[in-house]
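S.K.: Encoded as structure tokens, here's the structure I'll be asking about.
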Amino acid sequence: MRTSELSGAALDYAVAMCEQQRDDKDLCSPVEWHMAGYSSVWEFGGPIIEREKIELVPTIDIWDAYTQDAHVPGSGDTPLVAAMRCYVDSKLGDEVNVPEEIR
């Protein structure tokens with residue numbers, strides 16, 4: 001799936017994959033982690049924005065998000081969606097394998 005089109009559970013799953021790689025956690029799979037709501041709950045997505053220094057920029061209709069070091073863009077209807085797309089793109093690229101049952 002294109003990172004720019006990820007939303008809901010699929011986006012949260014991709015963020016969980018990034019977090020699992022970052023922390024080298026084997027405690028649970030990204031399928032279980034996607035329930036965290038990274039793209040909809042500030043308590044989960046906010047710390048990632050802060051840690052990764054993701055810049056959020058409001059435009060007329062959408063939010064844009066950029067990483068400081070690589071300037072990988074992300075956009076979305078909400079700041080969290082834009083930031084999480086940006087995060088996933090910066091870590092996994094513009095294509096992500098998401099299980100069919102999560103799409």
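Every number here is computed from the coordinates shown, using simple stated rules; none is lab data. Computed from a predicted structure; not experimentally measured. Please note: Cβ atoms are built from the backbone with ideal geometry, for glycine as well, and neighbour counts cover all protein chains shown.
S.K.: Excluding VAL96 itself, calculate the net charge of residues whose Cβ lies under 14 Å from the Cβ of VAL96, where each Lys or Arg counts +1 and each Asp or Glu counts -1. Write out the running numbers ahead of the final one.
M.R.: Working: positive: ARG2, ARG85, LYS91, ARG103; negative: GLU5, ASP12, GLU19, ASP89, ASP94, GLU95, GLU100.
Spelling it out: positives minus negatives among the neighbours equals -3.
S.K.: Quick check: net charge around SER7, other residues with Cβ under 13 Å of its Cβ, Lys/Arg +1 and Asp/Glu -1? Mind dumping the intermediate values first?
M.R.: Details: positive: ARG2, ARG85, ARG103; negative: GLU5, ASP12, ASP77.
Residues near SER7 contribute 0 overall.
S.K.: Next question, about the same structure. What ranking do 75-84, 39-48 get when scored by the average of other Cβ atoms within 10 Å per residue, highest first?
M.R.: Working: 75-84: 21.4, 39-48: 16.5.
Output ranking for 75-84, 39-48: 75-84, 39-48.
S.K.: With charges set only on the Cβ (+1 for Lys and Arg, -1 for Asp and Glu), what does the dipole of the chain come to about its Cα centre, in debye to the nearest 20? Numbers along the way, then the final one.
M.R.: Values: 8 positive and 20 negative charges, 18 e Å.
In total the dipole reaches around 80 debye.
S.K.: Helix-only mean residue ellipticity at 222 nm, the chain, DSSP H runs n ≥ 4 weighted -39,500 (n - 2.57), per residue, nearest 500. What is it?
M.R.: Working: 4 runs with 45 residues, N = 103.
For the chain, the value works out to -13500 deg cm²/dmol.
S.K.: Give the Kirkwood hydrodynamic radius (Å, one decimal) of the chain, defined as one over the mean of 1/r across all pairs of different Cα atoms.
M.R.: On the way: mean 1/r = 0.0758 Å⁻¹.
With all distinct Cα pairs of the chain included, I get 13.2 Å.
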